[in-house]
Amino acid sequence: VVAATVLTWLLTRPILDLVDTTQRVARGDLSTRASVWAEDEIGSLADSFNQMVEELESNRTTIAENEQARTRLLKQLIGAQEDERKRIARELHDSIGQALSSIMLGASLIERSDAPQEQRSRADELRRLSAETLENVRRMSRELRPSVLDDLGLAAALDRYASEFQLLYPDR
């Protein structure tokens, strides 16, 4: 009976150890490793299990690094969006806002003027300023969401903008 108990313990101990190790890994402890008691099937299983846990640990590290990189990129993206919003707000205020104020002032001056020649001159100036303002609004809307992006796709849109940039700034 003693010999049978000892023999049973010797035979089941590696299996129980492997079960205990798998439970610790299941709880998230990837630092634990199964003991290899002998070079038999159970030892081979423990060795394979240890390799699997090392691979899991490596994958967890890779996932954490990728998550950090994603977080950094997300912060950069949010920063770029904020910078673009500031640029748009500044451009709206500086160009469009001032142009519309000038148009309103010009319209008031036309109302007050009695001379037809002066009225025509001011009306011509208001039309020119309105056309410029409209062109600025169109340009800004194209910058915000270029229609070429929808029509041609990203690669073609980038090629087109690169060509336009070269035309505007040939020395760059």
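The values are calculated or read from the model by the stated rules, or taken from the named source; none is laboratory data. Only a predicted model underlies this, so the values are computations on that prediction, with no experimental measurement involved. Heads up, the Cβs are rebuilt from the backbone with ideal geometry, glycines too, and the neighbour counts pull from every protein chain shown. Accessible surface is based on the protein model in full, side chains and every heavy atom, while ligands, DNA and RNA are left aside. Shrake-Rupley method; radii C 1.70, N 1.55, O 1.52, S 1.80 Å.
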The stretch 15-33, residues that are basic (Lys, Arg) and without any contact (Cβ under 8 Å) to a residue 12 or more places away in the chain: 24, 27
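Taking residue 90, is it in contact with a Phe, Trp or Tyr (Cβ under 9 Å, 6 or more places away or on another chain) and either open to solvent by less than 100 Å² (accessible area, probe 1.4 Å) or without any contact (Cβ under 8 Å) to a residue 24 or more places away in the chain (or both)? Full working, then the answer.
Values: in contact with a Phe, Trp or Tyr (Cβ under 9 Å, 6 or more places away or on another chain): no; either open to solvent by less than 100 Å² (accessible area, probe 1.4 Å) or without any contact (Cβ under 8 Å) to a residue 24 or more places away in the chain (or both): yes.
Taking the combined requirement at face value, the residue does not satisfy it.
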Pairs, first within 23 Å of residue 81 (Cα to Cα) in the stretch 145-165, second open to solvent by 80 Å² or more (accessible area, probe 1.4 Å) and modelled with pLDDT under 80, C-beta under 8 Å, six or more apart: 165/172
Filtered residues of the stretch 34-71 (kept if touching a residue at least 24 places away in the same chain (Cβ under 8 Å), of a type in the set (Gly, Ala, Ser) and not in a helix (DSSP H, G or I)): 38
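Here is a yes/no grid of residues against (1) under 27 Å from the mean Cα position of the chain (by Cα); (2) among the hydroxyl-bearing types (Ser, Thr, Tyr); (3) open to solvent by 70 Å² or more (accessible area, probe 1.4 Å):
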{"position": "107", "(1), (2), (3)": "no, no, no"}
{"position": "127", "(1), (2), (3)": "no, no, yes"}
{"position": "135", "(1), (2), (3)": "no, no, yes"}
{"position": "161", "(1), (2), (3)": "yes, yes, yes"}
